[in-house]
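Report on the following structure.
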Amino acid sequence: MSSYGKFAYVYDELMADMPYSDWLAFAEGAWQKYGKPVTVAELGCGTGSITIPLAAAGYHMTGIDLSSDMLSVAQRKMEEQPQGRRFMREGSVRWIRQNMTEWELPEPVDSVISFCDCLNYLLEEKDIQAAFARTYAGLKPGGVFLFDVHHPNTLIRYEEEQPFILDEPSVSYIWTCQMDVPRREIEHHLSIFARDEGQGGLYRRFEETHIQRAYEPEWLAEELRKAGFSEVLIYADFEWMEAGEDAERLFYVAVK
């Protein structure tokens, strides 16, 4: 997978239609049931589209991502917020560059979240196991781990429905997919054309390749239990309903 270099600076425009409000609502719903956290860590925070609203809602947030470019965009977005100065003064948001398989903070947190299928970027079972182990260690007793992943069938549908095309005035892409069915692994290739106002409005083309792997839903649940989580529940597509084969996204709630 690329390290979200140039992609980081067009990411928000490309992902403008992502259902961030639904992820936020799912987290709030889980916390109402399992206890409101004070401190929350987000694994794979990207440009902060979930971290920053949660900070604005009063949570003390730590955004963790492997890409320094994504974190730079997140920091800039935070500073541009009306509450940006307060966030920095109160230390209610911090950004840390770490791998989610090795992440560690000075003190445990009340909750850990990882949305927008970030865990699908972990391509080996041992990486999933490492991320679960680190998350269990990084949570306070009674803390809750919330994340979503693609259902394996979703990746198959991606390959069947490709190519995907976006054509906007400032940015466009052509997105194709290639599926390795036995591994449930898909390679996304994007040719992106981004308008550069500094170059007289010319378009810059760059390539991005991202690889994701889906895992059997019950295998993920069992690995969470092996990591030590005492309660593991699976829901579908932002709803508090049982996940079936027709689910696109699987939502996990794991309690330490």
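Where a Cα-Cα gap under 15 Å defines reach, which aspartates and glutamates qualify for LYS256, not counting those fewer than 8 residues away within the same chain?
ASP110, GLU222, GLU223, GLU231
How long are the three semi-axes of the equivalent ellipsoid for region 124-256, computed from the Cα gyration tensor as the root of 5 times each eigenvalue, in whole Å, largest first? Write out the running numbers ahead of the final one.
Working: eigenvalues 244, 66, 41 Å².
Semi-axes (√(5λ), whole Å): 35, 18, 14.
How many nm separate the modelled label positions at ALA57 and TYR121, each set 7 Å beyond the Cα in the direction of the Cβ?
2.2
Looking at the chain as a GNM with Cα springs under 10 Å, which of ARG97, ARG195, ARG213 has the largest mean-square fluctuation?
ARG195
Could you work out what % of the accessible surface of the chain is carbon and sulfur, using a 1.4 angstrom probe and leaving DNA, RNA and ligands out of the count? Mind showing how you got there, number by number?
Details: 5930 of 12100 Å².
Of all accessible area on the chain, carbon and sulfur atoms account for 49 percent.
Which of LEU202, LEU105, LEU224 moves the most in a Gaussian network model of the chain with Cα springs under 10 Å?
Result: LEU202 has the largest fluctuation of those listed.
Could you tell me, in Å, what Rg and Dmax come out for the Cα atoms of region 1-91?
13.4, 40
Pick out, in residue order, every one of the GluC sites (Glu not before Pro) in region 119-189 that is DSSP loop and has at most 13 other C-beta atoms within 10 Å; say none if there are none. Write out the running numbers ahead of the final one.
Working: sites: GLU124, GLU125, GLU159, GLU160, GLU161, GLU185, GLU187; in loops: GLU124.
Counting only loop positions with at most 13 other Cβ atoms within 10 Å, the GluC sites (Glu not before Pro) in region 119-189 are GLU124.
Give me the percent of DSSP beta bridges within the chain that run antiparallel, rounded to the nearest 5. All intermediate terms of the calculation are to be shown ahead of the outcome.
Values: 41 of 59 bridges.
Bridges in the chain are about 70 percent antiparallel.
For the chain, modelled as a GNM with alpha-carbon contacts under 10 angstrom, which of SER67, SER230, SER92 fluctuates the most?
In this elastic network of the chain, the residue with the biggest mean-square fluctuation among SER67, SER230, SER92 is SER230.
Output needed: percent of Cα pairs per 5 Å distance bin for the chain, bins running from 0 to the one holding the longest distance.
Whole-percent P(r) values from 0 Å outward: 1, 6, 13, 17, 19, 17, 13, 8, 4, 1, 0, 0.
Quick check: residue separation of SER68 and GLU245 times 0.36 nm, minus the Cα distance between them. What number comes out in nm?
Full-extension gain reported as 60.1 nm.
What percent do you get for the relative contact order of the chain when only Cα pairs under 8 Å and 6+ apart count?
Details: 492 pairs, mean separation 44.1, N = 256.
Over the chain, the number comes to 17 percent.
Taking 0.36 nm per residue of separation and subtracting the Cα-Cα distance, what length does fully extending ARG205 through GLU90 add? Kindly include the intermediate steps, with their values, before the conclusion.
Details: separation 115, 0.36 × 115 = 41.40 nm, distance 4.03 nm.
Full extension of this stretch gives 37.4 nm more.
Given charges of +1 on the Cβ of Lys and Arg and -1 on the Cβ of Asp and Glu, with all other atoms neutral, how large is the dipole of region 1-97 about its Cα centre, in debye to the nearest 20? Mind showing how you got there, number by number?
Numbers: 10 positive and 11 negative charges, 83 e Å.
Using Cβ point charges on Lys, Arg, Asp and Glu, region 1-97 gives about 400 debye.
For region 1-148, what does the accessible surface come to per residue with a 1.4 Å probe? Please give it in Å². Walk me through the intermediate numbers first.
Numbers: 6370 Å² over 148 residues.
That works out to 43 Å² for each residue.
Can you give me the C-alpha center-to-center distance between region 121-160 and region 19-98, rounded to a whole angstrom?
If we compute the Cα centre of each part, the gap is 19 Å.
Taking the inverse of the average 1/r across all pairs of different Cα atoms in region 42-165, what Kirkwood radius in Å do you get?
Working: mean 1/r = 0.0643 Å⁻¹.
Its Kirkwood hydrodynamic radius stands at 15.6 Å.
Expected output is a single nm value to one decimal: the length gained when fully extending between LYS77 and GLU13, i.e. 0.36 nm times separation in residues minus the C-alpha distance. What is it? Mind dumping the intermediate values first?
Working: separation 64, 0.36 × 64 = 23.04 nm, distance 1.30 nm.
Fully extending the segment from LYS77 to GLU13 adds 21.7 nm.
Given charges of +1 on the Cβ of Lys and Arg and -1 on the Cβ of Asp and Glu, with all other atoms neutral, how large is the dipole of the chain about its Cα centre, in debye to the nearest 20?
Values: 24 positive and 43 negative charges, 245 e Å.
Its charge dipole is roughly 1180 debye.
Beyond 18 Å between alpha-carbons counts as too far, so tell me which of LYS36/LYS226; LYS36/LYS77; LYS6/LYS126; LYS36/LYS140 fall in that bin. All intermediate terms of the calculation are to be shown ahead of the outcome.
Details: LYS36/LYS226 25 Å; LYS36/LYS77 26 Å; LYS6/LYS126 29 Å; LYS36/LYS140 13 Å.
The pairs that break the limit, which is 18 Å between Cα atoms, are LYS36/LYS226; LYS36/LYS77; LYS6/LYS126.
If you keep only loop residues by DSSP, which GluC sites (Glu not before Pro) in region 223-256 have at most 16 other Cβ atoms within 10 Å of their Cβ? Can you show the working numbers first?
On the way: sites: GLU223, GLU231, GLU239, GLU242, GLU245, GLU248; in loops: GLU245, GLU248.
Here the sparse-neighbourhood loop sites are GLU245, GLU248.
Once the dipole of the chain is set up with Lys and Arg at +1 and Asp and Glu at -1 on Cβ about the Cα centre, which of ASN99, GLN129, SER191 lies farthest towards its positive end?
After comparing all options, I get ASN99.
The values are calculated or read from the model by the stated rules, or taken from the named source; none is laboratory data. Keep in mind it's a predicted model, so treat the numbers as computed, not measured. Cβ: placed from backbone, ideal geometry, glycine included. Neighbour counts: every protein chain shown. Accessible surface areas use protein heavy atoms only, side chains included; no ligands, DNA or RNA. Shrake-Rupley method; radii C 1.70, N 1.55, O 1.52, S 1.80 Å.
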